[in-house]
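Visitor: Got a structure for you, questions after.
Derivation of every value follows stated rules applied to the coordinates shown; laboratory data play no part. All of these numbers come straight from a predicted model, not from anything done at the bench. Virtual Cβ from ideal backbone geometry, glycine too; neighbours counted across all protein chains shown.
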Amino acid sequence: MKLKRLHFSLSGFALILLVNAAALGGVAWNRSEPAQSRLLLSERELVTRHDYWRAEHSGIALRLDYRWNTATTDDLARVPLGPLSAGKMAELGFSVPQTLDDETVRRFRRQLDRDGFLVLEFNGPLYQARLSAAQTRLQQATQALAALPDNKDLQEERQRAADNLQQEQLTSSRLIVADAGSDPELLRQQYPDRQQYVILPARISAWGWRSDQRWFIGGSAEVPLAASINLPQRWHALFDSLPPHTPTDGFTQSGDKLFDAEVHFGQRFEPWVVQLHAGQP
């Protein structure tokens, strides 16, 4: 009986060692060169609740914040879900109906989720286009108000346009979804710059909605790896020294830079923080 218990104990210990070795080996392989991407991000792209990291000293997790390349002026696309066109859904392997009605849309939405990849562009043409659009909106609002300076609606629109431009310039994430696909190697051929484009695994879902008596279909995607990037213990004190900020979206409103973080994405696409530096007001 004692020999049997000893055998089970040794077997359990060996299993623990094997699991730990496999985990460490996976981390080492993920961080082997060359890195899949290297991005220099700030609090605009790495979001956390400041009160959370002060309350939980056991660990600090950052969330990779990205936006969808939408044409809307009100930026509601910062959430992890966003629109993929019907054509892109067909490319990703979904069965897309030719005609849209209650039944075809219902069948489309019932399709199982699929694995795919999103391409995120950092501080590139997509962000510059959004910045230019915000500047144009403010110019147009200013011109309209100059013609009717006492118009309350025009005054409010100009203020909204000014706020929108300031947000784009100082606080909004510069990571924007550029593309989606099922083959990361093909996507990398299309987006070779590893300091501007990162490719991450995503879970693709079919969805549909109705507006003005018309059906529309497309897709949404979420990136599980973007939800939690652990910050090494050696930088916890630096984070604790940063000025607190309370907006629910995690951004400072003054435009002060809190930090710069060099983030690498490895062979398994998993991100980790390589360097962290406090910013200057």
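Visitor: Could you give the length gained by full extension between R110 and A129, i.e. 0.36 nm per residue of separation minus their alpha carbon distance, to one decimal place?
Guide: On the way: separation 19, 0.36 × 19 = 6.84 nm, distance 3.52 nm.
Answer, rounded to one decimal: 3.3 nm.
Visitor: Sort out for me the Cα centre separation of the range 89-131 from the range 161-222, rounded to whole Å.
Guide: Each part's Cα centre sits 10 Å from the other's.
Visitor: With a ≥ b ≥ c taken as the square roots of the eigenvalues of the C-alpha gyration tensor of the range 171-246, please select rounded if a/c is under 1.5 and otherwise prolate if a/b is larger than b/c or oblate if it is not? Walk me through the numbers on the way to the answer.
Guide: Working: a/c = 2.63, a/b = 1.55, b/c = 1.70.
Because a/c hits 1.5 or more and a/b fails to exceed b/c, the range 171-246 counts as oblate.
Visitor: Where does the charge balance sit around P125 when Lys and Arg score +1, Asp and Glu -1, over other residues with C-beta under 13 Å from its C-beta? Walk me through the numbers before you get to the answer.
Guide: On the way: positive: R130, R174; negative: E121, D179, D193.
Charge balance in the 13 Å sphere: -1.
Visitor: Still on this model: How would you classify the range 84-150 from its alpha-carbon gyration tensor, with a ≥ b ≥ c the square roots of the eigenvalues: rounded for a/c under 1.5, else prolate if a/b is greater than b/c, otherwise oblate? If you can, show how the numbers build up before the last one.
Guide: Numbers: a/c = 4.97, a/b = 1.99, b/c = 2.49.
Because a/c hits 1.5 or more and a/b fails to exceed b/c, the range 84-150 counts as oblate.
Visitor: Right, something else. Measuring from label point to label point, each 7 Å out along Cα→Cβ, what is the L186 to L170 span in nm?
Guide: 4.4
Visitor: Pop a pseudo-label 7 angstrom from the Cα along the beta-carbon direction at both L225 and Q140 and give the gap in nm to one decimal.
Guide: 3.8
Visitor: Let me ask you something else. Summing +1 for each Lys or Arg and -1 for each Asp or Glu, what net charge is found among the other residues whose Cβ lies under 15 Å from the Cβ of F216?
Guide: Details: positive: K88, R106, R109, R210, R214; negative: D101, D102, D212.
Net of charged neighbours comes to +2.
Visitor: Something else now. Would you mind computing, in nm to one decimal, how far apart the modelled labels at F259 and S211 are, each placed 7 Å from Cα along Cα→Cβ?
Guide: Calculated label separation equals 3.8 nm.
Visitor: Tell me whether the range 134-271 comes out rounded, prolate or oblate; compute the Cα gyration tensor, take square roots of the eigenvalues as a ≥ b ≥ c, and use a/c under 1.5 as the rounded threshold. Numbers along the way, then the final one.
Guide: Details: a/c = 2.27, a/b = 1.29, b/c = 1.75.
Oblate shape, in that a/c is at least 1.5 and b/c is the bigger or equal ratio.
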